[in-house]
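First the structure, in the form of structure tokens, and then the observations on it.
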Amino acid sequence: MIAPHMYKMAFLSKGIALNANPGQFVHIKVPGDNSLLLRRPISIHDVHPQTGMVEIVYQVVGKGTRILSGMNAGQFIDVLGPLGNGFTISREIKSALVVGGGCGIAPLKLLMRRLKDMGVVVKALLGFRSREAVYGLEEFEMLSDRVLVTTDDGSLGRRGLVTQVLGEELQQLPDMMFACGPTPMLRIVQQLAREYSVPCQMSLEERMGCGIGGCLVCSCAVRTPDGGFEYKRVCKDGPVFWSQEVMLDEAPNER
Amino acid sequence: MKPRMSVKICGVSFKNPVIAASGTFGFGREYAEYVDLNMLGGIAVKGLTLLPRKGNPPPRIAETSSGILNSVGLQNPGVDYFIEHELPKLLKYDTRIIVNINGNTIDEYCRIAEKLRDVPIHFLELNISCPNVKQGGVAFGTHPDVVYDITRSVKAHAKQPVLVKLTPNVTDIKEIAIAAEKAGGDGISLINTVLGMAIDAKKRRPVLANIVGGLSGPAIKPIALRMVWEVAQVVSIPIIGMGGITTGEDVVEFLLAGATAVGVGTANLISPTACIDIVNQLEEYMVQNGIEDVNELIGGLEIKSFC
């Protein structure tokens, strides 16, 4: 346990450690309870290609994640991955603003590591509920040029939500914004990215089935050129989407 | 000796009785990265409609004990797109292709069947059992007279044999199956999902945006077995049994109940290799039990009187 309800797990998988891109996820079968059929999609927190170590950070939200959090060292785990379309990091990016809230912070570590490896100037805005909920701050600080923390209650860093300081931070425009967090946060990030004309990639979450694009249950509405929309698969077309294409408002009603 | 695994449905031979069920296997291509599609008895592709269909808003899935509820709502790119872009990729594999078709009206079903007339697929699966659409779907599958009409109409337009996919959400599955057979249906696949609902007690809201959805997975296997068995008593056309199959032994149970082949659905969502794993387990069961030909199992249920 790294914070209340937040757990970190590491497992060995050379294939995943070598091939994972930031923003991708692993699909984990909950061991020991056959009544829980579906795998749990959990974002990749970090990888160590040399040792084959893969790290995930997740919140315990139900029976499945509770069982995962009770696993012991040495046990085997059934993992499918790396899956999905991660963040796109092109050579043109010289400066990046990384915005994360709550559980959405987990996948940003590998992103920041890769950005740093490429010599990108990285600024991170990380929002937590309170001081107790903060984890991995030292690592985030090591992997970026500046970290700004906000907490809802002001017990650490700035008081309030990340989105309340985002406007200030955008006075200096980055080449790219990357965001992951709860939908209300993403809505404001999307709005500000549009206002300031900053390209922005955001990672979404949705209840998933197969995780490989076959069952069409994890859909999100994406704008189409004709002014309409279509449902894309969060697991295969995402989880990372361009902010201007995603429709985060109440799902459109047309069938 | 390797047991014989092949079965015949309407004169079409399947290399084994395991078919990936519609809606859980995309158009095959999504799974080709993980499994050799040539090893499958058949693939029932994602349900198609005449025009592209967006599907229902998310969330579309909820996990329940030993089951899942879905309300995808037939999201698909339409029959024309399928013929032009998806089918050519699928035809590279040596497996049987079943095309699941859906419509808002009987006329729409017929027009899809027309479009598929000269396309090299093996079967049409007449989906009159989707619980997640407002028009058509299950509405066509709950009354014997309507089942008769739609089956007869589609048969008049279809070139390939027609499997009628039935819903379990009826009072008497036997009379529905009899209607499908009388109308000229070439086979029956059952069961589609069982209408269900999940509620989030904390939020006091339904989990699915569509409020209700179709239950699948091991939770519904006993219902499916009972219905396959009941239908097998009253029709002579072949049955593709499905509902909660996750192991080779589950397949054996469906064959014993009277199915000629089986559909594997929800298991594909748990593991992309599920169908192949199940084929291997079935073969292992046959070896261990000295069964040389899988056809020996079909309808082989022994019912002892208990008195």
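Quick notes on this structure:
- Near pairs, Cβ below 6 angstrom, 6+ apart or cross-chain, from the stretch B:70-94 (closer than 21 Å to B:GLY41 by Cα) to any residue that is exposed (fewer than 14 other Cβ atoms within 10 Å of the Cβ): B:TYR93/B:ASN38; B:ASP94/B:ASN38
- Where a residue in the stretch B:195-213 is within 13 Å of chain A (Cβ to nearest Cβ) and its partner, wherever it lies, is exposed (fewer than 15 other Cβ atoms within 10 Å of the Cβ) and of a type in the set (D, E, K, R), with Cβ under 6 Å and at least six apart: B:VAL207/B:ASP200
- When each of B:ALA257, B:ALA261, B:ALA224 is tested for being modelled with pLDDT of 95 or more and touching a strand residue (DSSP E or B) at 6+ places or on another chain (Cβ under 6 Å), the lone residue that passes is B:ALA261.
- Annotation: B:VAL164 fulfils all but one of (1) more than 16 Å from B:ILE121 (Cβ to Cβ); (2) in a loop (DSSP other than H, G, I, E, B); the unmet one is (2).
- A:PHE178 meets the conditions (1) in contact with a strand residue (DSSP E or B) (Cβ under 6 Å, 6 or more places away or on another chain); (2) at pLDDT below 95 in every case but one. The failed one is (2).
- Filtered residues of the stretch A:232-248 (kept if open to solvent by 40 Å² or more (accessible area, probe 1.4 Å) and part of a loop (DSSP other than H, G, I, E, B)): A:LYS236, A:ASP237, A:GLN244, A:GLU245, A:MET247
- Of all residues in the stretch B:140-157, those that are under 13 Å from B:GLU181 (Cα atoms) have Cβ atoms under 7 Å from Cβ atoms of residues that are open to solvent by 60 Å² or more (accessible area, probe 1.4 Å), 6 or more apart or on another chain, in B:PRO144/B:GLU175; B:TYR148/B:LYS182.
- Residue, nearest to A:ASN85 (Cα to Cα), within the stretch A:29-47, restricted to residues that are within 14 Å of chain B (Cβ to nearest Cβ), touching a Phe, Trp or Tyr at 6+ places or on another chain (Cβ under 9 Å) and not in a loop (DSSP other than H, G, I, E, B): A:PRO41
- Members of the stretch A:48-92 found to be assigned to a loop (DSSP other than H, G, I, E, B), within 19 Å of the chain's Cα centre (by Cα), surrounded by fewer than 20 Cβ atoms within 10 Å (Cβ to Cβ) and modelled with pLDDT of 95 or more, listed by number: A:VAL60, A:THR88
- Tally, over the stretch B:268-307, of residues that are outside any loop (DSSP other than H, G, I, E, B) and in contact (Cβ under 8 Å) with a residue 60 or more places away in the chain: 13
Here's the yes/no breakdown for (1) open to solvent by 10 Å² or more (accessible area, probe 1.4 Å); (2) without any contact (Cβ under 8 Å) to a residue 60 or more places away in the chain; (3) within 30 Å of A:ILE2 (Cβ to Cβ):
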site: A:VAL147; (1), (2), (3): yes, yes, yes
site: A:LEU166; (1), (2), (3): no, no, yes
site: A:GLN190; (1), (2), (3): yes, yes, yes
site: A:GLU230; (1), (2), (3): yes, yes, no
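The values are calculated or read from the model by the stated rules, or taken from the named source; none is laboratory data. Predicted model, so just to flag it, every value in this text is computed and none were measured. All Cβ positions, glycine included, derive from the backbone under ideal geometry; neighbour counts span all protein chains shown. Remember, those area values only see protein heavy atoms, side chains included, never the ligands or the DNA or RNA. Shrake-Rupley method; radii C 1.70, N 1.55, O 1.52, S 1.80 Å.
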